[in-house]
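This report refers to the structure that appears directly beneath it.
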Amino acid sequence: MALLELQNLQKHFGKTQVLRDLSLQVEEGQFVTLLGPSGCGKTTTLRIVAGLTDPDGGDVLLEGRSMLRLPPEKRELNTVFQNYALFPHMNVEKNVAYALRLMGMSARQRAARVAEMLKLVQMEGYEKRMPDKLSGGQRQRIAIARAVAPGRKLLLLDEPLGALDLKLRRQMQEEIKGLQKELGIAFLYITHDQEEALNMSDRIGILHEGRLEQLGTPEEIYERPTSRFAAEFIGQSTLLPCRVLAVGTEGMTLEFAGQKLPARATAGFRAGDEALVCLRNERVACLSPEAAAEASLPGTLVSRHYAGGSVRYVIELDAGPRVVCVAPSAGDAAFRPGQRVRAGWNPRETAVVR
Amino acid sequence: MRRKRVGSALFLAVMLVMLYLPVAVVVLYSFNANTSRFTFAFTGFSTQYYQGLLHDTKGLVSALMTSLELAAYSCGLSLVIGTLGALGLAGAQMRGKGAVETLSLLPVMIPEIILGFALMAVFTFAGVKNDMVKLVIAHVTFCVPYIYLVVKARLTGMDPSLNEAARDLGAGPVRAFFSVTLPLILPGVLSGTLLAFAMSLDDFVISFFVSDTTVTLPLKIYSSVKTGVSLQVNALCSVMLATVAIAVALSKLLSRKKEPGEMKNEE
């Protein structure tokens, strides 16, 4: 039995449908991320789980029991809010102890638990600080400490790193992931940042217009996107519109502008279907015109941008579309704009979507 | 540059004199030894008016007590009504919310004389006889909007997720209100109440229409004008001024202490 189960959640705000039949399971101890652009319904989903918004349809089960009739305070889970929501009139200690007091812990137990939590987030010695005397990163830590203090099995996090700068965000990613492993509890994490999702999650659910587009491990999501949205949203890619010529057991044959291209076997395609080849920038190689590759298309190099560790090529295919290729930089002189080249890739490393 | 500075200093001086000269005159004359009502000459220092006040020879102090009692009742009631109203309307997502808001602020915009007359008519029609009840209802009518406005401003600046965080951490709605929302809106509630208190204490027109026999301080001062103003009024005003000045100074001191913790929340 899953720790948390969302069943066919529906939600409308006025005439706009925010959630369409959203179903998802979170197992105990799992780090699950809901990833999507703003307005995809991810925050609404989180609020429904927390009990702050009621769904129009569907159910939310925690350890097999429906939580829909329970008010937020009766649900055995806690939330880290987007803007931290630390109580400005209470110091760090009182913030962290807020839930503990309500649970009926004695003063001594509370003090011990607060000390333990502050140690966990490396904020020892800050007990008497007021929230407005803390930096963004410190507030973040206190918000997490406050939310994990009651010791529930599930923590909800609503874009907790959104307000931090890039460097701090990277550091906090690691810390949050480490914390989750250490506590051994499940995290349901919300973000629009694919890097965050790929770095931290056990499983990622891509949300688009209130629908779950794809659910899988970070590797599955990146290597085998199942929809055009998932392919475009994660990573940097060029999508080539093709037609399926033949489907075999080993792979498929596609046709692009009169040329045959091999592609990996992908479920759901039949001869005659439209298909998009998802060329990840770093999986495309810029080759000389006579070089051999399993799959390649001729074109002209439009631009070459040197960025230290990598070089970015833009190739205009003879058939029209432009393909971006990012390759590790090498010392030797490379291609020059205007030169004839081929864009090549390994069909087994390249996804095909509709 | 320099001329500009002199100009603005002069302007400031004129403004301050205009504002505070009457106050200074009142304080000065409260210590006047001259008892004549017809000459305003300052003939010497005396505390006779304060002594008179102490024995309430002119009924001014008992009128003040009545006013304070009235203000306390009406502000206490308005405090609850105004705060609940602000909380309710802040959370409501109903049709006609704007209309309700405007309607509830109307009492401060209607000319007092109309409000006073209307209230008198209603009380006569409804047969309400008790003076204090009438006065309290009348004062609540114009006190509520002040408290509502200030509390609403405070609530608008408050992050709604604070209350949600309290609920999420296990507090029921009542607990969340008293431990999180109320402490955060309290400065607003208090300053709104203070404002309403001043309005109630000061009200003449509405009380004049509504009251039959009860004499509030403004009514007492007005009625004593006909028989000639007792110079004790100066002493009473001075006492009240001093009280208000001390109260304001205290509240400034308190709020300065509190400010660092409150600042973020105000933004």
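If the condition is being over 14 Å from A:R152 (Cβ atoms), more than 9 Å from every other protein chain (Cβ to nearest Cβ) and either in a loop (DSSP other than H, G, I, E, B) or in contact with a Lys or Arg (Cβ under 8 Å, 6 or more places away or on another chain) (or both), then the stretch A:58-90 contributes A:G64, A:L68, A:R69.
Tell me, please, whether a residue that is under 19 Å from B:V27 (Cα atoms), over 18 Å from the mean Cα position of the chain (by Cα), in contact (Cβ under 8 Å) with a residue 24 or more places away in the chain and in a loop (DSSP other than H, G, I, E, B) can be found in the stretch B:230-248. Checked against the condition, which is being under 19 Å from B:V27 (Cα atoms), over 18 Å from the mean Cα position of the chain (by Cα), in contact (Cβ under 8 Å) with a residue 24 or more places away in the chain and in a loop (DSSP other than H, G, I, E, B), the stretch B:230-248 yields at least one hit.
For the stretch A:198-224, residues that are within 21 Å of A:R283 (Cα to Cα) and either basic (K, R) or assigned by TED's automatic domain parsing to the domain that holds A:P298 (or both) total 1. The set of residues from the stretch B:139-173 being under 24 Å from A:L100 (Cβ atoms) and more than 11 Å from every other protein chain (Cβ to nearest Cβ) is empty.
Would a scan of the stretch A:103-113 turn up a residue that is modelled with pLDDT of 90 or more, out of contact with any Ser or Thr (no Cβ under 8 Å at 6 or more places or on another chain), surrounded by fewer than 18 Cβ atoms within 10 Å (Cβ to Cβ) and within 20 Å of A:L156 (Cα to Cα)? Among the residues of the stretch A:103-113, at least one is modelled with pLDDT of 90 or more, out of contact with any Ser or Thr (no Cβ under 8 Å at 6 or more places or on another chain), surrounded by fewer than 18 Cβ atoms within 10 Å (Cβ to Cβ) and within 20 Å of A:L156 (Cα to Cα), which makes the answer yes.
Give A:F269, A:F335 a once-over and let me know the one that is under 23 Å from A:G235 (Cβ atoms), outside any strand (DSSP E or B) and out of contact with any helix residue (DSSP H, G or I) (no Cβ under 6 Å at 6 or more places or on another chain).
Answer to the check: A:F269.
When A:A107, A:A186 are screened for being without any contact (Cβ under 8 Å) to a residue 12 or more places away in the chain and hydrophobic (A, V, I, L, M, F, W, C), only A:A107 passes. In this structure, is A:G251 over 30 Å from A:F335 (Cα atoms), at pLDDT below 90 and touching a helix residue (DSSP H, G or I) at 6+ places or on another chain (Cβ under 8 Å)? Criteria met by A:G251. Assigned to a strand (DSSP E or B), among the charged types (D, E, K, R) and more than 31 Å from the chain's Cα centre (by Cα) - does that describe any residue in the stretch A:299-312? For the stretch A:299-312, residues assigned to a strand (DSSP E or B), among the charged types (D, E, K, R) and more than 31 Å from the chain's Cα centre (by Cα): absent.
Looking across B:V189, B:V151, one residue alone is surrounded by fewer than 21 Cβ atoms within 10 Å (Cβ to Cβ) and within 27 Å of B:A247 (Cα to Cα). It is B:V189.
Matching residues to (1) under 22 Å from B:P183 (Cβ atoms); (2) among the small types (G, A, S); (3) crowded, with 21+ Cβ neighbours inside 10 Å; (4) touching an Asp or Glu at 6+ places or on another chain (Cβ under 9 Å):
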residue	(1), (2), (3), (4)
A:M1	no, no, no, yes
A:C40	no, no, yes, yes
A:I48	no, no, yes, yes
A:V92	yes, no, yes, yes
A:A99	yes, yes, yes, yes
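If you take the residues of the stretch A:126-143 that are more than 11 Å from chain B (Cβ to nearest Cβ), part of a helix (DSSP H, G or I) and modelled with pLDDT of 90 or more, which of them is nearest to B:A171 (Cα to Cα)? Selected residue: A:I142. Looking across A:R110, A:R47, A:R146, A:R101, one residue alone is of a type in the set (K, R), closer than 20 Å to A:R169 by Cα and either in the same structural domain as A:E28 (by TED's automatic domain parsing) or assigned to a helix (DSSP H, G or I) (or both). It is A:R146.
Restricting B:V205, B:V210, B:V215, B:V180 to those that are surrounded by 14 or more Cβ atoms within 10 Å (Cβ to Cβ), within 14 Å of chain A (Cβ to nearest Cβ) and modelled with pLDDT of 85 or more reduces the list to B:V180.
The values are calculated or read from the model by the stated rules, or taken from the named source; none is laboratory data. Quantities reported herein were computed from a predicted structural model and do not represent experimental measurements. Note that each Cβ is placed from the backbone with ideal geometry, even for glycine, and that neighbours are counted across all protein chains shown.
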